[in-house]
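Just below is one structure, and these are the notes that go with it.
Nothing in this text is a laboratory measurement; each read-out follows from the coordinates by a stated rule. Everything numeric here is computed off the predicted structure, so don't read it as measured data. Positions of Cβ are backbone-derived with ideal geometry, glycine not excepted, and every protein chain shown enters the neighbour counts.
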Amino acid sequence: MIFTTRQLPRSRTREANVWGVIAKAFLYAFLICLGIVVIYPLIWMALNGFKNNTQIFGDPFALPAGLNWHNYVQAWNQGVRDYVSVSVLVTVASGICTVLVSAWTAYGLTRTKMPAKPLVVGFVLGGLMLSPTVAVIPLVKMMQALGLYNTYWALIILYTAFRVPFSTFLIRAYMLDLSRDLDEAATMDGASEGQIFWRIILPLCRPIIVSCIILHVLFAWNEYLFAMIFSSDPNSQTLPVGLTSIMAKHGTNYAEVFAAMTISALPIVIVFFAAQRYFIRGLSDGIGK
Amino acid sequence: MAVTGIKSGTGFAGAAKRRGAGGRPRPRLRNLFSFRWIAAAVILIGWFVYYPIVDNFIVSTTDQDIYTGEVTNVGLTNYDRLLQDPVVWTSLWNNALYAVISIVFQVFGAFLLAAMIEGLASEKWRRFWRAIYFVPSAISITVTGLLFYFIYQPEIGLLDAALRGVGLDVLIRPWLGDAQTAIYSIIAMSQWQGFGYSTLLFAIAIQKIPRELYDASIIDGAGPWRRLWNITFPLTREMTGLMIIVTITGAFQVFNEVMVMTAGGPNNSSQVLGTWLYQQGFIEDNFGYGAAIATVIFVVTMLTGIAQLIYTRRRRVQF
């Protein structure tokens, strides 16, 4: 009796192992195939930047004849450089403004004796529900009236205004979890609200602020609707809009367009891999809380 | 809230008087001074986020002459026109299609994929797959849209070449130039681009489930499917619900990929509300009608936003 009861689970385990191995093989095969479907088009894009037009019209699966950087250099000199500088400027400026304004707001909402807090929280976070598409026509009228239409100032202001609700939401959640001991001690020692913010709270919030910056970079570098509508002037175009201009201008020179696309995708992929940890924290705090 | 405002107002006056008499300001005044922390955000959001939404309703009841700039009030005429515009109905249908297909792949598909990845034994490989699938989401939709514009092209594209390679010549077509397939091709690109993002979010949700629950169910003899259905799925239900709502909201705001790949064509077959708004408001210079289309997007996103609010207020899964 004892013998059989011991043997039974063992044979069951062995059977499970066989099925387990087969299931595992299928699982890995699936993950690898999906990985190829995801990555191969991107590699194809980068490789096409090394080809010339004759090769591009040949076998699409063929590898380029060699590492010919000509198209990349050409794309860089024919506009991509300017688009990159506008994109960097807009991303950095709106990123700094967004993080500062959000951190101030989150501080005001969590650490001060400000009245009407729930009302302000509702007002700021309510901004999360409003979509840029709906606001775009009135914003054009407004920017024209302010004389900011067709300048990157319009983009810096709008990226900040539309991202402050989300960043505030993230930073506020983080500040609510911070212990109050330190700032209470500082208040006892006579520190002002300003001193407490800059010297104590802001440094403590560094992890979530890094996450906010990463998420903002990803947003501002890739944003298209506002960028397209508020920068028809070639000198204030960001990369996504600039790419469509290149496409319209040099649309027949496919290789150069592929090179330009690769140049514009590369920085953000590098940022993602370098800052994955912060990025994932931002995402999980943003949707999980 | 109004009551608080009035109270602090009197406090302010009182404090000012007392200060005149040489005393320290009452705490109330200092509390009001704390408003400086939120002032920048309130001004920015009020001016550039809330006010345009209100203004949009006003614009939608007007007609602007492009040449003279003269604005006339036309009441609800633009909304009348909206109901009779066949392209608006095509757009609504395409947006809905976007939502449904995205829910299948980017919510349920991503959930299954995340469960598969999180079931792997080595943390190194879990991290690897999560990162690989996420890469397209980091890249701008403009780049991925242009990339697929080329992939779908008959002469140089990968898709038709691959179909020819496996002998499925009957399927070969100009995917974006065919009114039957244009919108589906765009949606397919969007799935390719976005599934890694939601997979990452589901992976984070799955990681929060305590390991003991799985250990206990393995001891009870439950197989992987049972564990998936009895533990993983119910305990990530909150995330699933949230993702469905977020996906619907996103589907009704689609603009970038359609603009880059087809600009709504051929023959308006791939128009969505966002691109039709752009076409009417900015190409045909008809701000009033464009604003009316924007109102439709506003109504849909407002409904999903309220649904999200109600959903997240409900009691959460507690461990």
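By other beta-carbon atoms within 10 Å, ranking A:Val99, A:Val210 with the fewest at the front produces A:Val210, A:Val99.
The calculated Kirkwood hydrodynamic radius for region B:108-211 is 15.5 Å, given to one decimal from all distinct C-alpha pairs.
How long are the three semi-axes of the equivalent ellipsoid of chain A, in whole Å, if each is the root of 5 times an eigenvalue of the C-alpha gyration tensor, listed from largest down? Let's see the in-between values first.
Numbers: eigenvalues 337, 300, 52 Å².
Equivalent ellipsoid semi-axes, largest first: 41, 39, 16 Å.
For chain A, with a Gaussian network of springs between Cα atoms less than 10 Å apart, report the residue from A:Ile263, A:Ile213, A:Ile200 with the top mean-square fluctuation. In the Gaussian network model the winner is A:Ile200.
May I ask for the net charge around A:Ile263, where only other residues with Cβ less than 15 Å from the Cβ of A:Ile263 are counted and Lys, Arg are +1 while Asp, Glu are -1?
Values: positive: A:Arg81; negative: A:Asp82, A:Glu256.
With Lys, Arg at +1 and Asp, Glu at -1, the net is -1.
For region A:174-289, the alpha-carbon coordinates run over 69, 29, 21 Å along the three principal axes, in decreasing order. Here B:Asp169 and B:Phe57 are evaluated by their C-beta separation; at R0 = 45 Å the FRET efficiency comes out at 0.30.
The spacing between region A:249-269 and region B:25-62, judged by their C-alpha centroids, is 41 Å. Over all other residues within a Cβ to Cβ distance under 12 Å of A:Ser245, the charged ones net out to -1, with Lys and Arg as +1 and Asp and Glu as -1.
What ranking do B:Ile204, A:Ile208 get, fewest neighbouring Cβ atoms within 10 angstrom at the top? Intermediate values should be presented prior to the final figure.
Details: B:Ile204 21, A:Ile208 26.
With the sparsest Cβ surroundings first, the list reads B:Ile204, A:Ile208.
Dividing the summed helix terms, -39500 (n - 2.57) for each DSSP H run of n ≥ 4, by the number of residues in chain B produces a 222 nm estimate of -20500 deg cm²/dmol to the nearest 500.
Before anything else, pin down the relative contact order of chain A: Cα pairs under 8 Å, at least 6 apart, normalised by residue count, whole percent. Could the numbers behind the result be given before it?
Values: 257 pairs, mean separation 86.0, N = 289.
After rounding, I find 30 percent.
So what is Rg over Rh here for the protein assembly as shown, counting just Cα atoms and using Kirkwood for Rh? Here the Rg-to-Rh quotient is 1.01.
Helix by helix, which DSSP H runs in chain B go 18 Å or more along their axis at the Cα atoms and have an average Kyte-Doolittle hydropathy of 0.0 or more? Correct list, ordered by number: B:86-102, B:182-207, B:237-251, B:287-313. In units of the compact-protein estimate 2.2 N^0.38 Å, region A:139-233 shows a Cα radius of gyration of 1.46. Taking other C-beta atoms within 10 angstrom as a stand-in for reagent exposure, A:His250, A:His216, A:His70 fall in the order A:His70, A:His250, A:His216, fewest first.
Helix-only arithmetic for chain A: the sum of -39500 (n - 2.57) across DSSP H runs with n ≥ 4, divided by the residue total, places the mean residue ellipticity at 222 nm at -25000 deg cm²/dmol.
With Cα atoms defining each centre, region B:90-162 and region B:261-311 are spaced 24 Å apart in the structure. So the label point goes 7 Å from the Cα of B:Leu213 along Cα→C-beta, right? Which residues of region B:225-245 then have their backbone N under 12 Å from it? Only B:227-239 fall inside the zone, counting backbone N under 12 Å. Between B:Arg126, B:Arg81, B:Arg28, the Gaussian network model of chain B with springs among Cα atoms under 10 angstrom shows the greatest mean-square fluctuation at B:Arg28.
Springs between Cα atoms under 10 Å define the GNM used for chain B, and in it the highest mean-square fluctuation of B:Leu32, B:Leu159, B:Leu76 occurs at B:Leu32.
Per residue of B:125-136, other chain Cβ atoms within 10 Å of the residue Cβ number 4 on average.
Please work out the Cα center distance from region A:194-227 to region A:96-158, rounded to the nearest Å. Cα centroid of region A:194-227 versus Cα centroid of region A:96-158: 14 Å apart.
Where the eigenvalues come from the Cα gyration tensor of chain B, what are the semi-axes √(5λ) of the equivalent ellipsoid, largest first, in whole Å? All intermediate terms of the calculation are to be shown ahead of the outcome.
Working: eigenvalues 379, 269, 57 Å².
Result for chain B: semi-axes of 44, 37, 17 Å.
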